[in-house]
Every structure is written in C-alpha cells, then in structure tokens.
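Each remark here refers to the structure printed beneath this line.
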C-alpha cells in the first residue's frame, strides 16, 4: 500500500535508530535533537494484523508537526516528494476516518492521502 502525507505536516525524515527509543510513562518515545517525541507506527494504525515486528533499522521516521504538537511516525519506506492533485474518495469510502482523498503518483500508482489530524485523534489517543 502507498500512502501520501501532506508536506505541511512533515518537519523532517530520517532512518530509524532503534537505540534512540525509550519508554516514558508507558509510551514509546524517540529522542530527536535531545527532545523525547511520542513514537507511533503507521502500520499498527492502518493494518490490523499481528505481523508487525516492531522497529527495524530499515524503517524510516517522519517527524510530524501539527500545530505545536510533534511526534514521530514510523513508516516502512519513503518514496520521495511529489506535487500531486488530491481527488476526493468515492461515496462508499468517503467517510473513512484518516484519509483526505487519493492521488495518482508520478509512476502511475494510486496513493491514499492521509488526514493526519483525524488519524491522530482516532489512534494516538488509544496509546
């Protein structure tokens, strides 16, 4: 599956560093520039199965900024930065929380565009 994240929400991205992960008050956090940020896994938010094996050095981390709130979002890989046109989702799935629409990427693939505020509201509160 491919997902797109609006650049307005992206502060920075880097390779996963599992040795920078700690647990504070039961929440995984990652040290980024000596600041602990909550750590979430996109896979566990969107794929409801038990195959996720935890943080791997091959994963990528996106520091997401929403207003004054920052957190780390772990993804399998990053494809790159593109300008895309967001199309609305069809009537049958338009009420699905966490998705703002869909787009066709430069290579012709379809990517769902993530709606970070609704994803955070739905999933981060559960941690």
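If the condition is being assigned to a loop (DSSP other than H, G, I, E, B), closer than 21 Å to residue 85 by Cβ and in contact with a helix residue (DSSP H, G or I) (Cβ under 8 Å, 6 or more places away or on another chain), then segment 96-127 contributes only 98. The set of residues in segment 94-108 that are loosely packed, with under 10 Cβ neighbours inside 10 Å and over 16 Å from residue 119 (Cα atoms) comprises 107, 108.
With respect to residue 74, determine if the residue is under 28 Å from residue 102 (Cβ atoms), touching a strand residue (DSSP E or B) at 6+ places or on another chain (Cβ under 7 Å) and outside any helix (DSSP H, G or I).
Judged against the criteria, residue 74 is a match.
Take residue 84 and tell me if it is touching a strand residue (DSSP E or B) at 6+ places or on another chain (Cβ under 6 Å), surrounded by 15 or more Cβ atoms within 10 Å (Cβ to Cβ) and at pLDDT 90 or above. Considered against the rule, which asks whether it is touching a strand residue (DSSP E or B) at 6+ places or on another chain (Cβ under 6 Å), surrounded by 15 or more Cβ atoms within 10 Å (Cβ to Cβ) and at pLDDT 90 or above, residue 84 comes out as no.
Among the residues examined, residue 90 qualifies as out of contact with any strand residue (DSSP E or B) (no Cβ under 8 Å at 6 or more places or on another chain) and loosely packed, with under 10 Cβ neighbours inside 10 Å.
Comparison of 68, 58 shows that the only residue that is in contact (Cβ under 8 Å) with a residue 40 or more places away in the chain and surrounded by fewer than 12 Cβ atoms within 10 Å (Cβ to Cβ) is 58. Given the condition under 21 Å from residue 97 (Cβ atoms) and either out of contact with any strand residue (DSSP E or B) (no Cβ under 9 Å at 6 or more places or on another chain) or modelled with pLDDT of 90 or more (or both), answer yes or no: does some residue in segment 23-39 qualify? Yes - at least one qualifying residue is present in segment 23-39. Are any of the residues in segment 21-28 over 18 Å from residue 123 (Cα atoms) and surrounded by 12 or more Cβ atoms within 10 Å (Cβ to Cβ)? Yes, the conditions are met somewhere in segment 21-28.
The values are calculated or read from the model by the stated rules, or taken from the named source; none is laboratory data. Fair warning: this is a prediction, and the values are worked out from it, not measured in the lab. As a convention, Cβ positions derive from the backbone with ideal geometry for all residues, glycine included, and neighbour counts pool all protein chains shown.
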